[in-house]
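Student: Here it is, the structure, as structure tokens.
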Amino acid sequence: MDIYMDNSKKFDGVDYKNTFAQSISAMHELVRQVLSAQICNGDHILDIGGGPGMGARIIDEMGIKAIVTNIEPSTTINDVPNLLSVEYIPLHISLKEALDTRMPYTADCILMVSSAHEIALCNNMGSMENKKIFFHDLDSFIRKNLAPGGKVILGFPNYRKDASMAEIEHQRRLTESLLGHSHPPDELFTIEEFSSAFNTLPMVFIQKPMDLTHENPGTTALMANVAVFRLNNI
Ligand SMILES: C[S@@+](CC[C@H](N)C(=O)[O-])C[C@H]1O[C@@H](n2cnc3c(N)ncnc32)[C@H](O)[C@@H]1O
């Protein structure tokens, strides 16, 4: 992949729902499990980097009558879901553009599933600097758009804590063959980084192995993590 390409366009032209989303279904199952206890009818949700409305799809499958706005810069947003209970508002913009855009409402919940690392990469610096800028932008977005006491619900991948460099290299080659790209450990986020940025511990944090092939759950070095933070005064 061309390192100079605009990372927010990386998923352009990808049939995300039928390829990428199938591979990371373990992440979506964990998100579904957590969301079922965290959101309810009438909630207003901002899904940042939702691809083809993945947050809206998951919430609709649960039959919850929520409003979900998707902030998504790639063309995957053109794959608009058929929804029964969710009202869906697709916005074809990046997180940075969203900082200068009036959102349709103040949200009860901000959702980011497997998108934080991709959004951070858009800053085109080293991984630490990218994350610093990302947290600065996210903080501005939250201050403007999340109701006091609202929740930030995060799904994020990373490597098993005790995975060796050899296991990570092996995992990266497999990920590249299945998804077309992979990430070094420092580009992915940890629960400690989110806790430190939000200056609070998560109300909920669960993780499970994520086998992209669905064949060898015992051998994957990838983890799916889901965390819920309640933010009173970020
Ligand atoms: C791995 S996909 C996750 C999609 C979806 N949230 C899910 O649950 O499967 C990462 C998403 O982040 C989006 N993204 C990349 N850069 C972004 C940015 N600067 N602002 C918002 N979204 C961005 C990508 O276009 C892509 O749809």
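All of the numbers you see were taken from the coordinates with simple rules; none came from a lab. Just so it is clear, the model here is predicted, and its values are computed rather than measured. Every residue, glycine among them, receives a Cβ derived from its backbone with ideal geometry; neighbour counts consider all protein chains shown.
Student: If one takes the longest principal axis of the Cα atoms in the chain, at what angle in degrees, from 0 to 90 and to the nearest 10, does the Cα axis of helix 165-179 lie?
Tutor: 60 degrees
Student: Once you place label points 7 Å from the Cα toward the Cβ at LEU201 and LYS132, how far apart are they in nm?
Tutor: 2.9 nm
Student: Can you tell me which aspartates and glutamates have their Cα less than 19 Å from the Cα of LYS208? Leave out same-chain residues fewer than eight positions away.
Tutor: List returned: GLU29, ASP162, GLU167, GLU192, GLU193.
Student: Which order do ASP139, ASP43 fall in if you start with the one that has the fewest other Cβ atoms within 10 Å?
Tutor: By the 10 Å Cβ count, ascending: ASP139, ASP43.
Student: Given labels modelled 7 Å from the Cα in the Cβ direction, how far is it in nm from LEU179 to ARG160?
Tutor: The answer from the label model is 1.7 nm.
Student: Specify whether the C-alpha gyration tensor of the chain places it in the rounded, prolate or oblate class, a ≥ b ≥ c being the square roots of the eigenvalues: rounded for a/c under 1.5, otherwise prolate if a/b is larger than b/c and oblate if not.
Tutor: rounded
Student: Give the calculated FRET efficiency between ASN232 and LYS65 to the nearest 0.05, with a Förster radius of 25 Å applied to their Cβ-Cβ distance.
Tutor: 0.40
Student: So if a site counts as exposed when it's one of the trypsin sites (Lys or Arg not before Pro), its DSSP state isn't H, G, I, E or B, and it has at most 11 other Cβ atoms within 10 Å, what's the longest stretch of the chain without one?
Tutor: 1-101
Student: Same structure again: Note down the nm distance, to one decimal, between modelled labels 7 Å out along Cα→Cβ at ASN18 and at ALA147.
Tutor: Between ASN18 and ALA147, the label points sit 3.9 nm apart.
Student: Could you tell me the calculated FRET efficiency between ASN216 and GLU29, based on Cβ-Cβ distance and R0 = 22 angstrom, to the nearest 0.05?
Tutor: Values: r = 17 Å, r/R0 = 0.79.
The pair ASN216/GLU29 has a calculated efficiency of 0.80.
Student: Another one. Set the Förster radius R0 to 22 Å, insert the Cβ-Cβ distance between ASN124 and GLU192 as r into 1/(1 + (r/R0)^6), and round the FRET efficiency to 0.05.
Tutor: Efficiency at R0 = 22 Å is approximately 0.35.
Student: How tilted is helix 127-145 with respect to the longest principal axis of the chain? Cα atoms for both, answer in degrees (0 to 90, nearest 10).
Tutor: 20 degrees
Student: Angle check, please: helix 25-38 long axis (alpha carbons) against the longest principal axis of the chain (alpha carbons), in degrees 0 to 90, nearest 10.
Tutor: Orientation of helix 25-38: about 30 degrees from the principal axis.
Student: Taking the Cβ of each residue in LEU84, LEU35 as the centre, tally the other Cβ atoms inside 10 Å and list the residues starting with the fewest.
Tutor: So the residues, fewest neighbours to most, are LEU84, LEU35.
Student: What is the sum of charges, Lys and Arg at +1 and Asp and Glu at -1, for the other residues whose Cβ falls under 12 Å from the Cβ of ASN70?
Tutor: Values: positive: ARG57; negative: ASP47, GLU72, ASP79, GLU87.
Summing Lys and Arg as +1 and Asp and Glu as -1 gives -3.
Student: Of MET210, MET54, how do they rank once you tally other Cβ atoms within 10 Å and put the fewest first? If you can, show how the numbers build up before the last one.
Tutor: Details: MET210 24, MET54 29.
Ascending number of Cβ neighbours within 10 Å: MET210, MET54.
Student: Continuing with this model, one more query. Placing unit charges on C-beta atoms (Lys and Arg positive, Asp and Glu negative, everything else neutral), compute the dipole magnitude of the chain about its Cα centre in debye, rounded to 20.
Tutor: It comes to approximately 520 debye.
Student: Quickly estimate the mean residue ellipticity at 222 nm for the chain, helices only: each DSSP H run with n ≥ 4 gives -39500 (n - 2.57), and the total goes over all residues, rounded to 500.
Tutor: Result for the chain, helices only: -10000 deg cm²/dmol.
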